[in-house]
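J.: My structure is below; once you've seen it, I'll send some questions.
Just so you know, all these numbers are worked out from the coordinates, no wet-lab data involved. This is a predicted model, so every value here is computed, not measured. When we count neighbours, we look across all protein chains shown, and the Cβ atoms used for this are built from the backbone with ideal geometry, even at glycine.
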Amino acid sequence: MKLQLWLNSKRALLMYSGFLLLCLTAFLMPFPRSWSLYSLGLSMITGFLIWVMDFEVLKAKFVSKLPLNSPPVAYFIIILIYFLFKTPEWKFIEGYLMFLLVPLFCFPLFVSDYFFRKKEIFIKIFVFGLITICLFELLRAYFGWNIGAIGASDISFDPESYASSFRSQKLSFLEHPTYLSMKVLFAICLLIILRNEINIPIFFTLILVAVLSIFLYLLSSRTIYIAFLLIFIYLLYRFLIRYRLGITILLIAPLILIGAYKVYTLNPRVINKTELLKKRYTVDKLKIKDLDPRFTSWFTTFDVIRQHPLFGVGLDAKDILVEEYKKAGYNNEANLKLNSHNQFLETQLTLGISGSLVLLWMLFAPLFRKREIWKPELYITFLIILIIAFLFESVLVRQWGIMFYTLFYCFQVNMEPVPDQNLL
């Protein structure tokens, strides 16, 4: 009896510690990357210890959740195969370990009754972390604090469009603005979809959504603008079908698109990029491949994929792209060491057809098992963010993107579903 009480107390302490560490990870995600890596690592250690103490119980739960937890693990296994047999250098696999470690070692924390009861704290802390970084970066821009900047590898494609300290990379100096924008948009989705669960008064919810939306606009990620617009239409549709007015979205959506276009074109970065592309096409008569470095990376990646269509080129795909840039005379792209800037192309280039199939499995598996996930409508908004971001960025080659995906994917698929799946 004493031994059982001792084990229960140790288990409760580990569960509590792991929950706090996951909350700390969520809070620190928009801060310097290493900060959240430390807390995530410690949470995985606590998860491993819980595995040791409750192996039989957790094994049964893990088997039941295996169809939803296996996609990111399978993605890592493919990467591991390429690592072992083609490019055995540690730098090529280190960043991908989260695909394996988070689904396995954070599993005991996400499926615990304690986490389910306290989930609103986890969500609030994630939102509070983004609000904190939002206010800090706005104050830094306003007072001109020269604290630091993101790495040289993140040099913008058009530096003149970032002259304002309140815009894009000048504002988001700790993280690439697209990756920060992904988190901000998902926080907005959490506040709207889970407003009943997180128990924040409607007035404060509206304030938080407004602040985060303004911050999202200032970050000026055109990619996430598109995702924001699609999610807004989706959530509006979900609201309308409650009153059997879903068909009216066909009339409202065009008005939303026109209004969004008018608003987005007020953003200087959008205007500068659009005018620059028009000038390069109409005046300079450049080919589509030469209009923008992102286009250059897409076409160059596609050319390499055609040479290696089945198995890809391996984990050193970025180095191979750099050589292709040099051969074609794209010295700027070579100096910046641009990746494919499209996760679907990046995966096909690196891992071939098998990697691309697993990537699609990672994205869409929860949709085929909607009854087993906590909030299907929340996952759909998460999926919209990922797909749109994947079209314009190689999200899963950076720990910024991998951590965001693995943490919130595992959070959603391992929570027990609730009977009421209505949005509002």
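J.: May I ask for log10 I(q)/I(0) of segment 1-53 at q = 0.15 Å⁻¹, from a Debye sum over the Cα atoms as equal point scatterers with solvent left out?
T.: Log-scaled intensity ratios, in q order: -0.45.
J.: Arrange the peptides 244-254, 186-196 so that the one whose residues have, on average, the most other Cβ atoms within 10 Å appears first. Don't skip to the end; give the middle numbers.
T.: On the way: 244-254: 12.0, 186-196: 20.1.
Taking the mean over residues of other Cβ atoms within 10 Å, the ranking is 186-196, 244-254.
J.: Using a 10 angstrom cutoff on alpha carbons, build the Gaussian network for the chain and name the most mobile of Glu120, Glu94, Glu137.
T.: Glu94
J.: Once both axes come from the Cα atoms, what is the angle between helix 268-282 and the longest principal axis of the chain, in degrees from 0 to 90, rounded to 10?
T.: Result, in degrees: 40.
J.: Give the angle, between 0 and 90 degrees and rounded to the nearest 10, that separates the Cα long axis of helix 119-143 from the longest principal axis of the Cα atoms of the chain.
T.: The angle comes out at about 40 degrees.
J.: Excluding same-chain residues fewer than 8 positions from Lys289, which lysines have a Cα within less than 18 Å of its Cα?
T.: Those lysines meeting the cut-off are Lys273, Lys278, Lys279, Lys326, Lys327, Lys337.
J.: Through the Karplus equation 6.51 cos²θ - 1.76 cosθ + 1.60, θ set to phi - 60°, convert the phi angles of segment 378-392 into ³J(HN,Hα) values in whole Hz; use x for Gly and Pro.
T.: 5, 5, 4, 5, 4, 5, 4, 4, 5, 4, 5, 5, 5, 5, 10
J.: Let me ask something additional. To the nearest 500 deg cm²/dmol, what mean residue ellipticity at 222 nm is calculated for the chain from DSSP H runs of n ≥ 4 alone, each contributing -39,500 (n - 2.57), summed and divided by the residues? Display every interim value, and only then the final one.
T.: On the way: 21 runs with 307 residues, N = 424.
Taken over the chain, the calculation gives -23500 deg cm²/dmol.
J.: Moving on. Cα axis of helix 343-364 to longest principal axis of the chain: angle in degrees, 0 to 90, nearest 10?
T.: 40 degrees
J.: For the chain, modelled as a Gaussian network with Cα springs under 10 Å, which listed residue fluctuates most, Phe173, Phe368, Phe390?
T.: Residue with maximal mean-square fluctuation among Phe173, Phe368, Phe390: Phe368.
J.: Between Trp145, Trp298, Trp374, where does the largest GNM mean-square fluctuation fall for the chain, given springs only between Cα atoms within less than 10 Å?
T.: So, out of Trp145, Trp298, Trp374, the one fluctuating most is Trp145.
J.: Also, quick follow-up: Calculate, in whole percent, how much of the Cα-Cα pair population of segment 118-286 lies beyond 25 Å.
T.: That tail contains 42 percent of the Cα-Cα pairs.
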